[in-house]
Amino acid sequence: MTQDVSPIPEARPWKKAIPEARDRLQSKILVWIAVPVLCWLAFETRTESFADHRTVAYLEQVFAVSIFFALATWRMRAATWFAAFTGAVICFLITLYTGPLVGLFMHGGGSIFHSCLTPLIFLFLLTFSATRFRRERKSEASSAEHRRGRTTAQIVANLGVAGALSSYWGFFGVSLVMGYGGTITGSLHSVLDGMVIYNLPVLAALAEATADTVSSEIGQAFGGKTYLLASFRQVPPGTDGAVSLIGTTAGIMAAAIVAYVGIPASGLDLSSCTLVFASGVLGLLFDSVLGATVERKGWLGNDLVNFTSTAFAALVSMIGIRLFDGLMR
């Protein structure tokens, strides 16, 4: 009696399904659109009121830490010089608008670390460590990122959504999407009471970006069996949309770290951070589904898939806010 044994997929060097020219064009378009928008959002800070000297001091701290962040990233070869500049713009937006800027007028103090800067730092440390972990093994499999570090398109794909949503216009855009226009146009006290809620989509996007990078890098570093999420069919390592147990577990843990850092950093409560964590994990799973479908068919490149997944995580958090508004306020 013969036994039907399915062949075990063999590991293969990672290769993009999308044609290289199309992938490069998509990444360029993403950069051409996102970088000017992010720079404009940062430039719009000139319209804010910085009459209070404590607010000016806070703005100077934000600017300084953003420049330091860019120089450190570039010197560590974690990103190209223009990618580091783009990261500085995003860091500026996230730190400025998710921090105690408005609250300084009422509370007379505040730290740049009482913002989404702290989760952003954890994102950098986790993704940088995961990328460097067992780099020789990943290089042999042709899966490690370029030695120069991450490109501008990769920075925008992972952090662009968080930067845009954290901005002045992003704040009001999110309020309109969630139907909180009445709250936002109320008194300064009502705005301050609700501001923390609007950090959730930013944190959700950061949690998803961290989870995606860590899961991919750790999965490649350790290897093992990989499966397509939609069908649970075992596929060769390197297949678009394929996930491994160890990589997914590492990604979920990374999302949890970034999400729950929001408790001391942004003044969020446990239920809010749990929503951020859940949104980040759902975004990670959505990324795998996109990878197994549109990316595997060669329709979208990895940068657009990552950008869409971070936006999905932010959207899930907004829906969660609407559903559980009474619990979280």
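Can you report the number of residues in segment 162-215 which are part of a helix (DSSP H, G or I), at pLDDT below 60 and either crowded, with 23+ Cβ neighbours inside 10 Å or among the small types (Gly, Ala, Ser) (or both)?
So the first thing to find is which residues in segment 162-215 are part of a helix (DSSP H, G or I), and the list is 162-166, 168-177, 181-184, 188-215.
After this cut, where a residue has to be at pLDDT below 60 as well, the list is 181-184, 188-195.
This time we only want the ones that are either crowded, with 23+ Cβ neighbours inside 10 Å or among the small types (Gly, Ala, Ser) (or both), so: 181-182, 190, 194.
So the count comes out to 4.
So which of 218, 252 is more than 13 Å from residue 291 (Cα to Cα), surrounded by 23 or more Cβ atoms within 10 Å (Cβ to Cβ) and either among the aliphatic types (A, V, I, L, M) or more than 20 Å from the chain's Cα centre (by Cα) (or both)? Spell out how you get there, then give the answer.
Working: 252 fails: surrounded by 23 or more Cβ atoms within 10 Å (Cβ to Cβ).
It is 218.
Against the test of being at pLDDT 95 or above and either assigned to a helix (DSSP H, G or I) or among the charged types (D, E, K, R) (or both), the options 120, 93 yield a single qualifying residue, 120. Within segment 292-311, one or more residues are at pLDDT below 90, buried (at least 18 other Cβ atoms within 10 Å of the Cβ), at negative phi and not in a helix (DSSP H, G or I).
Against the list (1) modelled with pLDDT of 95 or more; (2) in contact with a Gly (Cβ under 7 Å, 6 or more places away or on another chain); (3) of a type in the set (S, T, N, Q), the condition residue 80 fails is (1). Every condition in (1) under 21 Å from residue 233 (Cβ atoms); (2) modelled with pLDDT under 90 is met by residue 325 except one, and the failing one is (1).
Name the single residue that is modelled with the lowest pLDDT among those in segment 238-276 being in contact with a Gly (Cβ under 6 Å, 6 or more places away or on another chain), assigned to a loop (DSSP other than H, G, I, E, B) and not acidic (Asp, Glu). Filtering segment 238-276 for residues that are in contact with a Gly (Cβ under 6 Å, 6 or more places away or on another chain), assigned to a loop (DSSP other than H, G, I, E, B) and not acidic (Asp, Glu), the one modelled with the lowest pLDDT comes out as 241. All conditions but one from (1) closer than 18 Å to residue 214 by Cα; (2) under 14 Å from the mean Cα position of the chain (by Cα) apply to residue 314; the one that does not is (1).
The values are calculated or read from the model by the stated rules, or taken from the named source; none is laboratory data. Predicted model only: the values in this text are computed from it and were never measured. Counting neighbours? That spans all protein chains shown, and the Cβs are built from the backbone with ideal geometry, glycine included.
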